[in-house]
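What follows draws every value from the coordinates through simple rules; no lab data is involved. Note that the structure is a prediction, hence the values are computed from the model and not measured. Methodologically, a virtual Cβ is constructed for each residue, glycine included, from the backbone with ideal geometry; neighbour enumeration extends over all protein chains shown.
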Amino acid sequence: VRNAGETGAYFRAELAKAVGGHRNVGEVRGDGMLAAIEFVKDRDDRVFFDPALKVGPQIATALAVSGVIGRAMPQGDILGFAPPLCLTREEADIVVAKTADAVNSVFVSL
């Protein structure tokens with residue numbers, strides 16, 4: 001049985017692989033089972049989106065439609081995850097794949 005720390009590290013690493021290279025992802029970060037993805041208009045110059053665009057909430061909504069809960073954080077365009085400690089690697093893989101799909105679907109229209 002894996003512990004939550006190992007699964008959390010795996011989850012964050014897989015998120016980073018899946019979306020960390022996206023032109024609108026400034027950072028993938030977290031600790032333990034917590035993870036967050038920060039979205040930016042320009043990753044090289046760390047330029048943020050106009051708050052009126054509500055990029056984080058748009059991505060959270062697209063993710064919810066696919067059956068995964070990611071919270072749009074109020075501090076900016078950040079999508080946060082707080083999965084249960086019993087999350088398996090297989091479940092993490094599903095969350096990561098659906099997150100990548102949601103990110104790509106929202107940014108295709110921006």
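Some values worked out for this structure:
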| quantity | calculated |
| --- | --- |
| Some residue of the stretch 23-30 being surrounded by fewer than 17 Cβ atoms within 10 Å (Cβ to Cβ), over 29 Å from Asn3 (Cβ atoms) and among the basic types (Lys, Arg) | yes |
| Residue tally, condition more than 12 Å from the chain's Cα centre (by Cα), of a type in the set (A, V, I, L, M) and under 16 Å from Asn24 (Cβ atoms), over the stretch 57-110 | 3 |
| Residue within the stretch 41-57 that is touching a residue at least 12 places away in the same chain (Cβ under 8 Å) and within 24 Å of Gly5 (Cβ to Cβ) present | no |
